[in-house]
1. What is the spread of the Cα atoms of the range 1-60 along each of their three principal axes, largest first, in whole Å?
2. Rounded to the nearest 20 debye, what is the charge dipole size of the chain about its Cα centre when +1 sits on each Lys and Arg Cβ and -1 on each Asp and Glu Cβ?
3. Keeping every protein chain present and rolling a 1.4 Å probe, give me the accessible area per residue for the chain in Å².
4. Using a 1.4 angstrom probe on the protein heavy atoms only, could you order Cys21, Cys124, Cys43 from most to least accessible area?
5. What Rg and what Dmax come out for the chain when only alpha-carbon atoms are used, in angstroms?
6. Taking amide hydrogens as modeled 1.01 Å from N in the peptide plane, which residues meet the under 5 Å criterion relative to Cys124, leaving out close sequence neighbours?
7. Can you run phi through the Karplus equation (6.51, -1.76, 1.60; θ = phi - 60°) for the range 113-127 and list ³J(HN,Hα) in whole Hz, with x for Gly and Pro?
8. List the lysines whose Cα lies under 18 Å from the Cα of Lys118, skipping any in the same chain that are fewer than 8 positions away.
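The values are calculated or read from the model by the stated rules, or taken from the named source; none is laboratory data. Quick caveat: nothing in here was measured; it's all calculated off a predicted structure. In this analysis, Cβ positions are derived from the backbone assuming ideal geometry, glycine residues included, and neighbour counts consider all displayed protein chains. With ligands, DNA and RNA removed, areas are computed over all heavy atoms of the protein, side chains included. Shrake-Rupley method; radii C 1.70, N 1.55, O 1.52, S 1.80 Å.
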Amino acid sequence: MKTVINKISDKAKEKVTIDVCEVTQEIINLRDHAESVGDNISCTVGGKSVILPLSDILYFEAVDEKVFAYTESDVADVRGRLYEYEDRLSDKGFARISKSVLIHLNKISSIAPSPGRKFEAGLCNGERVIISRQYAAELKKILLGGKVNEL
């Protein structure tokens with residue numbers, strides 16, 4: 001695929017244009033990544049307030065009424081409720097996979113069956129998270145671009 005970068009002087013006019021014959025999942029992932037560049041969240045890591053790029057986050061998890069953002073190397077404490085992040089980030093490549101986990105779709109490297117009619121998502125860092133039955137069909141619909149079949 002040919003790539004062209006044009007430097008412009010007005011930041012407000014920055015954009016990414018993708019011209020393709022067919023919209024594949026790879027193209028959708030590329031679009032989602034481009035749209036998330038520059039998106040950040042405020043959080044606390046090791047007692048320090050930091051700004052974390054969404055592109056670094058593997059998943060969010062709610063534990064004991066707190067929400068944590070997991071990266072390849074850190075766990076960040078974030079303010080708010082998981083459903084608030086779900087609403088805010090659904091168009092940024094994140095999807096709910098269980099009552100307590102919101103995953104970054106671009107960080108999934110594999111999906112495999114798990115005992116109890118559940119599924120397990122393998123992440124780019126080797127970590128694995130459970131996809132509950134309740135959310136499996138919706139996740140498959142998202143990953144397959146609206147086509148629905150049982151996982």
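1. 47, 32, 15
2. Dipole magnitude for the chain comes out near 200 debye.
3. That works out to 67 Å² for each residue.
4. Descending order: Cys21, Cys124, Cys43.
5. 16.8, 55
6. Ser109
7. Using θ = phi - 60°, the values come out as x, 9, x, x, 6, 9, 10, 10, 9, x, 9, 4, 9, x, 5 Hz.
8. Excluding near neighbours in sequence, the set is Lys99, Lys140, Lys141.
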